[in-house]
1. Among residues other than residue B:673 whose Cβ falls under 14 Å from its Cβ, what is the net charge (Lys/Arg +1, Asp/Glu -1)?
2. Size of the dipole of the protein assembly as shown about the Cα centre, Lys and Arg at +1 and Asp and Glu at -1 on the beta carbon, nothing else charged, in debye to 20?
3. From the gyration tensor of the Cα coordinates in the range B:1-100, what semi-axes in whole Å does the equivalent ellipsoid have, largest first, with each one equal to sqrt(5λ)?
4. Pull out the extension gain between residue B:25 and residue B:96, defined as 0.36 nm times the separation in residues minus the alpha carbon to alpha carbon distance; nm, one decimal.
5. Positive end of the charge dipole of the range B:489-637 (Lys, Arg +1 and Asp, Glu -1 on Cβ, about the Cα centre): tell me which of B:551, B:575, B:623 has its Cα farthest that way.
6. I need the phi-derived Karplus couplings for the range B:182-190: 6.51 cos²θ - 1.76 cosθ + 1.60, θ = phi - 60°, integer Hz, Gly and Pro marked x.
7. Using a simple charge model, +1 on the beta-carbon of Lys and Arg, -1 on the beta-carbon of Asp and Glu, nothing else, what dipole does the range B:337-453 show about its Cα centre, in debye to the nearest 20?
8. Semi-axes of the range B:340-444's equivalent ellipsoid from the Cα gyration tensor, sqrt of 5 times each eigenvalue, largest first, rounded to whole Å?
Amino acid sequence: MTDLYLKFADQTEAEVHLYDFTEVDGALQLTPKYLNTDVLGTLYNVDNTDPENPVYTPLDGWHVNLRVGDYDPALDAFKVNPEPLIWRRVWA
Amino acid sequence: MGLVAKAFQDIITFSRATAGTYVNSNGYITNSSVLNYLTYSNAPDNAAWTKSNSFVQTNLLTYSQELDNAAWNKLSGGTGVVPVVTANYAVAPDGTLTADRVVFDRGTGTSSADVSYIQQNVTSVSADCTGSFWLRTTDGSTKNITLRVGTATFNYAVTVTGTWTRVSLTGVSPITRIDLLAYGDRGPQVIDLLVWGAQLVQGSVPGDYQATTSAALPVLYADYQGNLRARKLCEAATTASHNVSTSVTVAAGTVYTLSVKLKAAERGFAQVRYENGGSTEFFAANVNLATGAYTTSTFGTPTQTNAVVTMLENGYWLVSISAAASNTTFVTAVFLQSALGTNSYTGDGSSGIYIADAQLNDGSTALAYYDTTQYAYNAPRFDYDPVTLAAKGLLIEEQRANLLLQSNDFATTWTPSRATVTSNAVLSPDGAVTADKLIATAVAGTHRVYQSGITNSGTTTRTLSAYFKAAEYSYAGLMLSDATESDQNRVQWNLATGATTNSPVGTTITLVSSSMQTLSNGWVRCIMTCTVDAAEPSITAWLFVIDNTNASTFTGDGVSGVYAYGAQLETGAFATSYIPTTTSQFTRAADVASVNTLSPWFNAVAGTLYVESIANAASPANQYLATLNDGTTNNRVTLFKATGGTANSRVTAAGVASNPTAPATTIAGITSKVALTFSTAASGVNIYVNGTAGTAVTAAATPAGILRLGLGLDETASTSFLNGHLRRVTFYPRQMTSGEGTALTTL
């Protein structure tokens with residue numbers, strides 16, 4: 001069992017690696033390749049110096065957490081590096 | 001026929017990749033147990049286990065009884081022609097029609113260069129290996145053929161008769177191939193054979209046969225119950241200790257028990273060991289697998305240690321050791337031993353022991369075995385009503401995250417506004433003194449605590465919940481707002497009656513629903529669901545102290561307040577079970593349950609699927625109750641709660657639907673009984689809901705290729721989770737009559 005904290009360049013790149021695409025009734029349907037896929041998306045640094053006027057600074061990338069057994073080794077290239085002191089979100 | 005008692009885990013394959021909370025039989029919110037921390041608990045061949053100077057005996061060949069497959073090269077040289085393979089030509093030694101006919105023709109030439117042969121290449125093995133085939137002649141005559149393992153040096157002229165015989169040969173490292181060859185100088189021009197069961201294993205013994213298809217597989221041996229599940233752990237030809245190990249993260253200071261079932265093979269001694277992270281201590285049991293006698297070994301100062309060896313059937317011993325983890329890493333290891341207590345010795349590259357069912361569980365005794373694959377075995381949650389303590393059933397929920405930090409510590413991370421927090425002030429819904437008191441200060445205004453800066457992207461549906469208990473005040477409130485509170489939506493509850501007051505400001509945060517669930521000991525869970533407009537880049541979650549006049553703005557006294565516990569903000573239209581958080585948001589994984597063995601109970605021709613459940617009333621989406629299917633929607637017998645809260649069904653055979661019309665009977669939020677009958681008889685497909693029959697239809701065919709019974713999730717096993725409780729699922733292998741269906745589902 002491995003927890004992967006991944007950062008892709010954008011949502012499109014994440015979907016290419018994490019979803020299967022099938023056409024259902026003419027529409028593209030995305031099915032996650034991994035059951036335990038938790039999409040965090042864009043993360044922000046929040047400056048709450050003025051709580052009523054917080055300043056949001058988006059961080060680079062599109063963030064996704066996976067809890068997996070076997071996985072495509074290509075995902076290793078997307079691990080968040082360096083790791084933060086505290087992850088924004090973890091598996092319970 | 002005798003009846004055999006089966007446990008949940010013997011029938012239902014269950015996984016949830018994380019912990020989860022539920023209400024236990026005492027009415028308290030509690031964390032689910034981890035019943036087996038080890039992954040791939042009965043697969044030491046998996047990469048999750050580190051093999052140190054050891055290996056798990058594995059058939060390295062693919063398509064071991066499909067010589068027509070492209071994995072097998074059909075080759076020739078000189079005057080020879082390539083062998084002709086006819087698949088599934090004759091009955092194999094196992095009684096199945098899977099033996100292939102292979103006709104070798106080396107042509108008219110009579111030299112060793114005139115050859116017809118089959119061959120499979122393998123990734124080079126830097127050890128001696130033994131190759132084997134089952135052979136017989138097609139016409140009952142006697143012929144010679146050559147078996148080769150590795151280099152040409154290791155070939156063996158085999159006499160094949162009209163009786164199935166297993167032939168084997170050990171080749172010397174490195175091994176890259178196995179061949180069956182008809183040479184011009186060794187036999188007749190044409191050799192017509194039946195071939196089955198090719199195997200190549202590391203070591204000098206052929207091992208029991210393990211059939212393979214597209215991948216190499218470990219050779220399986222009988223376990224203590226006679227089922228082919230055990231592996232053979234073998235020693236490498238090195239002078240060292242020979243072991244297999246894996247490590248998991250645990251809680252320092254907690255006692256764990258490691259257990260594994262072992263049986264002597266060529267080796268008759270083994271060590272089962274706990275070792276801490278950093279290898280500064282270990283505790284181990286050294287076991288004589290012939291007698292069960294054992295000694296213990298220690299290094300460092302392991303505490304709360306114990307070892308137990310119990311005799312099982314079929315020569316197996318259950319070896320269990322307990323120890324307190326001294327740090328957060330628990331290394332589990334099984335060592336081969338040449339004598340009792342002797343770990344380091346020169347292996348012969350082949351000998352080993354049989355091993356099955358490794359488990360690491362909480363506590364000082366070995367629990368019943370729970371099989372795992374890629375995740376630890378987090379226990380299924382059998383939920384109880386917190387007031388009546390009545391059993392509600394198996395809780396099945398989708399994946400959710402709690403977006404609030406410090407969900408039960410309102411003195412940390414949360415910002416107080418004209419409020420103070422007394423930590424751990426009173427007995428909480430989890431049965432411990434962990435609930436805080438929110439106190440209104442003696443200042444005029446609103447009194448609340450909040451977390452801001454929760455980002456919002458697009459229009460979202462959010463559900464905010466918290467547990468409250470009346471103290472001096474018997475009202476409380478929840479609110480979602482934007483950063484400046486210019487748009488907000490607040491709900492205030494009378495904690496005694498559940499009556500609500502809604503106070504919206506602005507238009508971007510819209511209340512969808514609110515509710516209050518009653519727990520025991522004066523606790524309630526207040527829940528509000530809102531849509532948050534895409535125009536809002538962030539949201540703030542608030543807990544309010546409300547005075548006894550239901551006023552949100554008042555002057556407190558610095559003492560009076562309300563008790564609070566377990567705040568949770570989720571993305572979704574309804575609240576799910578509480579997810580405790582600390583310094584990070586936490587995600588609880590989905591509950592995934594299914595029955596994957598349909599023999600002997602399933603009848604593909606006709607049947608009745610019956611489900612007793614409590615579906616989530618607040619969920620706006622389809623929620624599956626149970627589904628027999630082939631992994632797709634093309635063949636299925638499915639019961640689900642439809643978006644309107646009524647029951648519905650789908651019976652599909654080869655993509656053709658035969659769906660009865662369901663009665664307009666609500667099942668959401670209440671204990672309901674639903675049955676679905678199917679057969680090709682007239683009026684064969686019908687649904688019955690809480691004693692009311694639907695309108696039947698006739699099906700031209702019944703679903704084919706049914707592989708599994710999914711419980712509380714859809715055919716793909718990845719969505720449409722029940723988000724409720726399964727109380728009973730039964731399959732009757734016949735189509736019930738209308739009267740029976742009605743009676744069966746009457747509440």
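The values are calculated or read from the model by the stated rules, or taken from the named source; none is laboratory data. Nothing here was measured: the structure is a model prediction, and the numbers come from that model. Cβ placement follows ideal geometry from the backbone for every residue including glycine, while neighbour counts extend to all protein chains displayed. These area figures cover heavy atoms from the full protein model, side chains too; ligands, DNA and RNA do not enter into them. Shrake-Rupley method; radii C 1.70, N 1.55, O 1.52, S 1.80 Å.
1. Values: positive: B:641, B:727, B:728; negative: B:612, B:740.
Around residue B:673, the charge tally is +1.
2. Working: 44 positive and 62 negative charges, 341 e Å.
Here the protein assembly as shown has a charge dipole of around 1640 debye.
3. On the way: eigenvalues 478, 93, 31 Å².
That gives 49, 22, 12 Å for the three semi-axes.
4. Values: separation 71, 0.36 × 71 = 25.56 nm, distance 5.05 nm.
Contour length minus Cα-Cα distance gives 20.5 nm.
5. With unit charges placed on the Cβ atoms, the residue in question is B:623.
6. 10, 8, x, 9, 10, x, x, 5, 10
7. Working: 6 positive and 11 negative charges, 138 e Å.
It comes to approximately 660 debye.
8. Numbers: eigenvalues 478, 89, 44 Å².
That gives 49, 21, 15 Å for the three semi-axes.
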